[in-house]
Structures are given as structure tokens and as C-alpha cells.
Amino acid sequence: MIIDNEKDVTTAVLSELQGAPNGRFREIMSVFIRHLHAFVREAKLTEEEFHAALAHVVAIGKHSNESHNEAALMAGSLGVSALVCLINNAGHDMSETDQNLLGPFWRMHSPVTPNGGCIVRSPTPGPALFVNAWFRDSGGNAIAGAEVDVWHSSPEGFYENQDPSQADMNLRGKFFTDPDGHIRFRSVKPAGYPIPIDGPTGQLLRAQGRHNMRPAHLHFLASKEGFKTLISQIYVQDDPHIETDAQFGVTRHLIGSYARHEQEKASAADVKGPWYSLDHTFVMQAGANKLPRPPITGKAHGERPKIPHLA
Ligand SMILES: [Fe+2]
């Protein structure tokens, strides 16, 4: 159609969408166009601001590669990932769910590790952590044979994919639940870490005067035929950033109970000094067992990056 005024633009774009054969695509795009156009009108976006916004979108692509996903980082920093998680999983009250953010650092093909094994694959400083996790269905029955990926950052604040000095797949492992729905493994206690700020996500945080820290956590991804794939994180309860996660991931339901042991002997003889344990039970809902698209596929090369901490 010939455009007579600004309102006609929205009408024209929406009308073109009517020819899309996929109904869900038509629905999503119609909502997207209506809200996007309403946003431009309400914000009274200037040409300069519009061009700056386009440059941000281009920068998200340019800052992404096989070992870094800036789009996932940006979605988290805007709260979109947390919103998508809660509206899809949290039931009527929109609060309690074992599901949480996938984050930008999950890799496929974590090394299969026997129950009780260790996921520290190259020298990694930090206190020992012993984890016991149980997987149950919504009736409380054990889920045996579930495949569980576990991953976390080093106590120095880097996932192995970011840090060439760590062995490939360090602090990652794949476990299978036993007949009691149980996995157990040894690692080191994770620390909170700064998210990368050398790209557009960093600009966003600086412009708001926000810090770039995530509170310490362990990631879990559990899958088993007949159950919705469970993607979760268990946060360390006394982390200084537990209330101000840069990715808005912390829900009350997923704050863990990491216990510190000063005097008690650990189950491994080489553990010296205080050590930690975490026991946690996850509930998996009935549903489709589909793995997410991996946000990254490889490991960084060269020097370990320096990621500043924003105050
Ligand atoms: Fe993480």
C-alpha cells in the first residue's frame, strides 16, 4: 500500500504478515511488530538513536563466536531470559520452578564421568566441593538413567571455554542417575564471576551504572525420555551478589544450601582444610525431552582474558 501517514506503516507491515503460512510465526511476528512500532512511537526515537540501536544489534553479532554468545548475554542482562523461563515453567504463581537460565556457557559432549568422580581436569585452586543431587518426578519417584550435564566456572571466575589455561572440559561432566535417581561428584566450590563487558552488553551495564557480577552457582541440565529437559542453576546462599545478579537468574526457590565443613573429615583423604558439600533434589516435569541449541561450540585460544569488575 502507499503510505499516507505514520499509522499506515504499521497497517502495511501487519497486512503483509497475513500471507505467512506458519500460524505461530504469524502470531509472534504480529505481536512483535505491534510492540516494536508502539515502542518507537512512545520513545519518540530520533534518527540518531535509531542508528545507535542498529549499531548495537550489529555489535551483538560481531562479538559472538564459537566460544562466546553475546546474544545470550544481552538477553540475560535485559531480564528476557528470566522472563521466558518463568512464564514457561513456573505454574500459576509464576515463582516456584526448578528451571532456570541455560546461560551462554553450556557445551555439548561433556565427558561422561562415573558417579563419585571428579570434574576437575586440570589444576584448579579452591576448596573441595562434594555434590549429591537427586532427580524425582512430580510424584516423588526416583528417575533412574537420566543424563545430567554439570558445569561451572573456576574459582577464578572463568568457564573453561573462556580460559585457554584450563584443560578442555574442565569443571564439566556428564553423569547418569543411579536407580535412586542420584548423582554425586567432586569439584571445587564455584565463585561468583564477572560477565564479559567488552561488547554491547558491557555498554548497557555501564550506561546504567550496574555491576557485571553473577553470584556463584552450579549449572545442571538433566534429560530423560518422557520428561521436559530440566535446565537449572543452584546458587550459593551467602554470595555477596545474590540479590543483584547481573543476569536476573536468582529465584528464591533455587538458592542452595552449600554447607561448610571445618573439622569433619571429607570422604577423600587428600582434602585439606575446610571443604563444602551440597545436597539438592530436583523435580522433573513430564514433557518433551529436547536439548536446547548449544550457545557455544568451542574453546577460546591464546591468552586468558582479563574481565574487569564493574563497581
Ligand atoms: Fe554460569
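Values in this text are rule-based calculations from the coordinates and carry no lab data. These figures come from a predicted structure and were not determined experimentally. Here the Cβ is made from the backbone with ideal geometry for all residues, glycine too, and neighbour counts use every protein chain on show.
For this structure, a couple of remarks:
- Any hit, segment 12-29, residues being closer than 26 Å to Gly202 by Cα, small (Gly, Ala, Ser) and not in a loop (DSSP other than H, G, I, E, B): no
- Restricting segment 152-186 to residues that are more than 23 Å from Ile197 (Cβ to Cβ) and small (Gly, Ala, Ser), the residue that is surrounded by the fewest Cβ atoms within 10 Å (Cβ to Cβ): Ala167
- Restricting the search to strands (runs of 3 or more DSSP E) fully inside segment 228-309 and requiring at least 2 residues that are away from the ligand (no atom under 16 Å from the Cβ) and touching a Gly at 6+ places or on another chain (Cβ under 9 Å) gives 275-284.
- Test: His219 is within 12 Å of the ligand (Cβ to nearest atom) and out of contact with any helix residue (DSSP H, G or I) (no Cβ under 8 Å at 6 or more places or on another chain): yes
- Among the residues of segment 203-227, those that are crowded, with 24+ Cβ neighbours inside 10 Å and not in a loop (DSSP other than H, G, I, E, B) comprise Arg214, His217, Leu218, Phe220, Ala222.
- Within segment 1-11, tally of residues that are part of a loop (DSSP other than H, G, I, E, B) and surrounded by 10 or more Cβ atoms within 10 Å (Cβ to Cβ): 1
- Subset of segment 190-210 that is out of contact with any Asp or Glu (no Cβ under 9 Å at 6 or more places or on another chain) and within 16 Å of the ligand (Cβ to nearest atom) - its residue that is nearest to Trp151 (Cα to Cα): Pro190
- Against the test of being within 16 Å of the ligand (Cβ to nearest atom), part of a helix (DSSP H, G or I), among the hydroxyl-bearing types (Ser, Thr, Tyr) and crowded, with 17+ Cβ neighbours inside 10 Å, the options Ser81, Ser110 yield a single qualifying residue, Ser81.
- Filtered by the rule that a residue be of a type in the set (A, V, I, L, M, F, W, C) and in a strand (DSSP E or B), segment 113-137 gives Cys118, Ala128, Leu129, Phe130, Val131, Ala133, Trp134, Phe135.
- Only one of the listed residues (Asn89, Asn100) is surrounded by 12 or more Cβ atoms within 10 Å (Cβ to Cβ), under 29 Å from Phe135 (Cα atoms), in contact with a strand residue (DSSP E or B) (Cβ under 6 Å, 6 or more places away or on another chain) and not hydrophobic (A, V, I, L, M, F, W, C). That residue is Asn100.
- Matching option when the condition is over 21 Å from Gly249 (Cα atoms) and within 19 Å of the chain's Cα centre (by Cα), among Glu66, Glu16: Glu66
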